[in-house]
1. If amide H atoms are built 1.01 Å from N in the plane of the peptide, which residues on other chains or at least 5 residues away come under 5 Å of the amide H of N76?
2. If each residue of separation counts as 0.36 nm, what is the full-extension length gain between V120 and L34 once their alpha-carbon separation is subtracted?
3. Got a sec to turn the phi values of region 72-87 into Karplus ³J(HN,Hα) couplings, 6.51 cos²θ - 1.76 cosθ + 1.60 with θ = phi - 60°, whole Hz, x for Gly and Pro?
4. Which distance in nm do the two modelled labels at L171 and L18 give, with both placed 7 Å along the Cα-to-Cβ direction?
5. Kindly rank 41-51, 66-76, 91-101 from highest to lowest mean number of other beta carbons found within 10 Å of each residue.
6. Using modelled amide H (1.01 Å from N, peptide plane; none on Pro or chain starts), what sits under 5 Å from the amide H of Q137, excluding residues fewer than 5 places away?
7. For the pair A103 and F77, how long in nm is the line joining their label points, each one 7 Å along Cα→Cβ?
8. HN-Hα J couplings of region 92-106 from phi, Karplus 6.51/-1.76/1.60, θ = phi - 60°, integer Hz, Gly and Pro as x?
Amino acid sequence: MSSFVQGFLDNDSFFGRLMTKIGIIIGANLMFVLCTIPFITIGAGLAGLYHVMLRTLRGDGVVNPFKEFWIGFKNNFKQATISWIGFVLLGAFLLYDLQICEAAGDVLAFARYGIYGLIVILVISFCFLIPTMTAFQDTIPHLIRNGWYFAIHRPFASLVILFFDIFPLVLTYTDLQNLPLYAFLWCMFGFGAIAMLGATLLLKQFALYLPGGEEEDQVLDPRDDDEKALDDLRMMDGL
């Protein structure tokens, strides 16, 4: 009986690996909450969060979430912060235009459908930009393009990622009666759990372009045959 319990609690057992992964998610989530108290650092915090999850999945499942989060946060700080600020400003601009169109009515009201489309494009771009930025090193325009490539390549997985990126936040802000419960869940593990789900689904595509992948010379945009995809999609050191 004691050997069974010892085997069940062993770090290499299913239960042990599960508890280790849960601990990593909680640790990284706490780091995210602390490091994103300044609104401007949310983008870098998401990058740090995804860095922890991708490192966990790519490695042996045992990482220091606090150390790895800080590495991802620091390495992607500039690009992630610029991307986050741009996303917020563009989103605010589109929402303002949407209010104007709805208030104007008549013909101008039809323009709101185009604005809805632009909002959807903006949200999808940001949702896939951050994990792509965490895994690969490139310019922001190229990372946006490559993020769309990964989003389109596996549409079902992308819909799952978008659902869990958006719906829990919408539910949190619409169900005010249970807001304290939602706040507790977000602070404990919510952001980390969603990042782990997204990293798990995206890693299957990322792995093709990382060292050891099955397709090391995949090209994500039409270019000359003698140019390799990794010129535009370089692996970030340490991932």
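Values quoted throughout were computed directly from the atomic coordinates according to the rules given, and no laboratory measurement underlies them. In this text, all values refer to a predicted model and were calculated from it rather than measured experimentally. Quick reminder, even Gly has a Cβ in these numbers, built from the backbone with ideal geometry, and neighbours come from all protein chains shown.
1. none
2. Working: separation 86, 0.36 × 86 = 30.96 nm, distance 2.90 nm.
Taking V120 through L34 to full extension adds about 28.1 nm, to one decimal.
3. With the stated coefficients, region 72-87 comes to x, 4, 6, 5, 10, 4, 5, 5, 5, 5, 4, 5, 5, 4, x, 4 Hz.
4. A separation of 2.1 nm, rounded to one decimal place.
5. On the way: 41-51: 26.8, 66-76: 20.5, 91-101: 14.1.
Result, highest mean Cβ count within 10 Å first: 41-51, 66-76, 91-101.
6. R234, M235, M236
7. Each label point is offset 7 Å from its Cα along the Cβ direction, giving 4.0 nm.
8. 3J(HN,Hα) across region 92-106, in whole Hz: 5, 5, 5, 5, 5, 4, 5, 5, 5, 5, 5, 6, 6, x, 6.
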